[in-house]
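The values are calculated or read from the model by the stated rules, or taken from the named source; none is laboratory data. Model, not experiment: these values are computed from the prediction. In this analysis, Cβ positions are derived from the backbone assuming ideal geometry, glycine residues included, and neighbour counts consider all displayed protein chains.
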Amino acid sequence: MAIRKPEGKTGGEDTVERGLVEAAQSDPAKFGDLYELHFERVYAYVSRRVRDRDVAEDLTAEVFHKALANLANYEWRGAPFTAWLFRIAANAVTDHAKRAGREVSGGEDPPEPSADPDVEQVEHRARLFRLVSDLPANQRRVIQGRFVEERSIREIAKELGRSEGAVKQLQLRALQNLRAQMEGGDA
């Protein structure tokens, strides 16, 4: 069951979220609802900090694995459940940076990344991910190829069997579509 959380948060949504947390604490099989509700935000938060898609996916999976494993210890204190997930995500990103720093520098710890999430920016990024996933298939493929995989127009054109001009046109239409939806508030 896919659950989408609206942009703003009302008291009723706190009650719904708390109910989902309590249900998942009673029956871990119900954790999927919490996962569906918060995946995009957590992925947006992690991907902004690690910039490598594979690592972001792995760390996001790790965040939800740790959240499920420790859900019985979670206590509702009035803060949104996402705050707890962001704390787990911040720790996962920090741990990853330390491991990566040790591998590269031979043991020196890298500087600590900011642990406090910019919730507004995370929400914006999660919304953008949703909008990209709603684009027509060819536009979505061009946007993912150009901006996620950082591939050239030529490479994408070859993959899609289209001219470079056609790929540029697809990219332009996709960006116009995304910009209009982001500015218009449609999601």
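For the range 91-134, give me each residue that is modelled with pLDDT under 75, assigned to a helix (DSSP H, G or I) and of a type in the set (Gly, Ala, Ser).
Selection gives Gly101, Ser105.
Filtering the range 153-170 down to residues that are in contact (Cβ under 8 Å) with a residue 12 or more places away in the chain and not charged (D, E, K, R), which residue is surrounded by the fewest Cβ atoms within 10 Å (Cβ to Cβ)?
So, considering only residues that are in contact (Cβ under 8 Å) with a residue 12 or more places away in the chain and not charged (D, E, K, R), the one surrounded by the fewest Cβ atoms within 10 Å (Cβ to Cβ) is Leu160.
Between a residue in the range 119-135 that is on the phi < 0 side of the Ramachandran plot and any residue that is surrounded by 15 or more Cβ atoms within 10 Å (Cβ to Cβ) and small (Gly, Ala, Ser), which pairs come within a Cβ distance under 6 Å, given they are 6 or more apart or on different chains?
Val122/Ala44; Arg125/Ala44; Ala126/Ala44; Leu135/Ala174
Only one of these is part of a helix (DSSP H, G or I) and loosely packed, with under 14 Cβ neighbours inside 10 Å: Asp58, Asp54. Name it. Lay out the reasoning, then the answer.
On the way: Asp58 fails: loosely packed, with under 14 Cβ neighbours inside 10 Å.
Every option except Asp54 fails the conditions.
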